[in-house]
């Protein structure tokens, strides 16, 4: 029996949203590989192709042929590098996911409220995710100056947005940002103490008692003071976080191909090199968290009763 496929392929020049395909209608450059992957699949196989812009569409054969492919259950997907994966996810959500496309226009106060919630959620997530990645290597505690900056960043106050359409800290006076540093570090002593307590325990369990003492909660004021005196790394972390979130909010408010391109460019710039780490995969997690917030908001307001089941 000949294999049948269903194609999902969003691109700047058009969209296949479940188009049926026969084996002989597959792109010839990848037909043999797809048929091999689908050989023992029961029933119809779903194909998910990567997002392509207008320029890439002209050389789609070359692009598709250069990709590796894998099958998950009855779905065949390309194995994408971090940048293309992030762009494909952003385009798929912003241009086709009901949780995103059902959002009210940008000028609507309800829209601004939900995107403010998205911003605050992502600020909290990035503080946890980035510090977790950074301190995944326990040797980084030995260099206390950058470690202190990461600790204070983890403890920093979330920006609630104080005016219409403002969702993150104001970084216009970058790289100095004295007011932002003051606002972000204000009343963070208890949070810093809690973080230091966990670090101290971790270092003691790793048989590093001398270093552990340097991170005792009693030193929380010294940690905060050191970062306020030399805030460069702290400011860079906040600036990257703010630029990413602002671009994501713009993507959610505009939902155009141009917004997809802009978001992808900013996300790659912000996450490609964070304290020496390539954290672009966190962009995918941020998109997932954003979708959860939008689904919860739709369920709470009754504007998307069919979306509630999408939240894990």
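With respect to (1) surrounded by fewer than 19 Cβ atoms within 10 Å (Cβ to Cβ); (2) more than 30 Å from residue 253 (Cβ to Cβ), the lone exception for residue 149 is condition (1).
This table checks each residue for (1) surrounded by 14 or more Cβ atoms within 10 Å (Cβ to Cβ); (2) on the phi < 0 side of the Ramachandran plot; (3) more than 32 Å from the chain's Cα centre (by Cα); (4) at pLDDT 95 or above.
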{"position": "180", "(1), (2), (3), (4)": "yes, yes, no, no"}
{"position": "189", "(1), (2), (3), (4)": "yes, yes, no, yes"}
{"position": "193", "(1), (2), (3), (4)": "yes, yes, no, yes"}
{"position": "196", "(1), (2), (3), (4)": "yes, yes, no, yes"}
{"position": "203", "(1), (2), (3), (4)": "yes, yes, no, yes"}
{"position": "208", "(1), (2), (3), (4)": "yes, yes, yes, yes"}
{"position": "211", "(1), (2), (3), (4)": "yes, yes, yes, yes"}
{"position": "214", "(1), (2), (3), (4)": "yes, yes, yes, yes"}
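Only residues that are under 18 Å from residue 60 (Cα atoms) and in contact with a helix residue (DSSP H, G or I) (Cβ under 7 Å, 6 or more places away or on another chain) were counted across segment 1-16, and they come to 4. From the set of residues in segment 138-171 that are within 22 Å of residue 245 (Cβ to Cβ) and over 23 Å from the mean Cα position of the chain (by Cα), which is modelled with the highest pLDDT? Among those that are within 22 Å of residue 245 (Cβ to Cβ) and over 23 Å from the mean Cα position of the chain (by Cα), it is 164.
Just wondering, is there one or more residues in segment 214-234 that are over 19 Å from residue 175 (Cα atoms), in the same structural domain as residue 119 (by TED's automatic domain parsing) and part of a loop (DSSP other than H, G, I, E, B)? Yes, that holds for at least one residue. Restricting 239, 247 to residues that are under 28 Å from residue 165 (Cβ atoms) and free of Cβ contacts under 8 Å to residues at least 60 places away in the same chain narrows the list to 247. Return the residue satisfying two criteria in turn: it lies in segment 253-294 and is without any contact (Cβ under 8 Å) to a residue 40 or more places away in the chain and under 15 Å from residue 121 (Cβ atoms), and of such residues it is surrounded by the most Cβ atoms within 10 Å (Cβ to Cβ). In this case the residue turns out to be 292. In segment 42-65, the qualifying residues are those that are within 26 Å of the chain's Cα centre (by Cα) and farther than 17 Å from residue 261 by Cβ, and the one that is surrounded by the fewest Cβ atoms within 10 Å (Cβ to Cβ) is 48. Among the residues making up segment 103-126, those that are surrounded by fewer than 21 Cβ atoms within 10 Å (Cβ to Cβ) and more than 11 Å from residue 297 (Cα to Cα) are 104, 105, 106, 107, 108, 109, 112, 116, 120, 121, 124, 125. When we screen 106, 65, 90 for residues that are over 22 Å from residue 25 (Cα atoms) and modelled with pLDDT of 95 or more, the only hit is 90. Going through segment 159-208 one residue at a time, which ones are in contact (Cβ under 8 Å) with a residue 24 or more places away in the chain, assigned to a helix (DSSP H, G or I) and more than 18 Å from residue 226 (Cα to Cα)? Once the filter is applied, which keeps residues that are in contact (Cβ under 8 Å) with a residue 24 or more places away in the chain, assigned to a helix (DSSP H, G or I) and more than 18 Å from residue 226 (Cα to Cα), segment 159-208 yields 202, 203. Scan segment 12-25 and give yes if some residue there is touching a strand residue (DSSP E or B) at 6+ places or on another chain (Cβ under 6 Å), surrounded by fewer than 18 Cβ atoms within 10 Å (Cβ to Cβ) and at positive phi, otherwise no. Within segment 12-25, one or more residues are touching a strand residue (DSSP E or B) at 6+ places or on another chain (Cβ under 6 Å), surrounded by fewer than 18 Cβ atoms within 10 Å (Cβ to Cβ) and at positive phi.
The values are calculated or read from the model by the stated rules, or taken from the named source; none is laboratory data. Values in this document were obtained by computation on a predicted structure and should not be read as measured data. Here the Cβ is made from the backbone with ideal geometry for all residues, glycine too, and neighbour counts use every protein chain on show.
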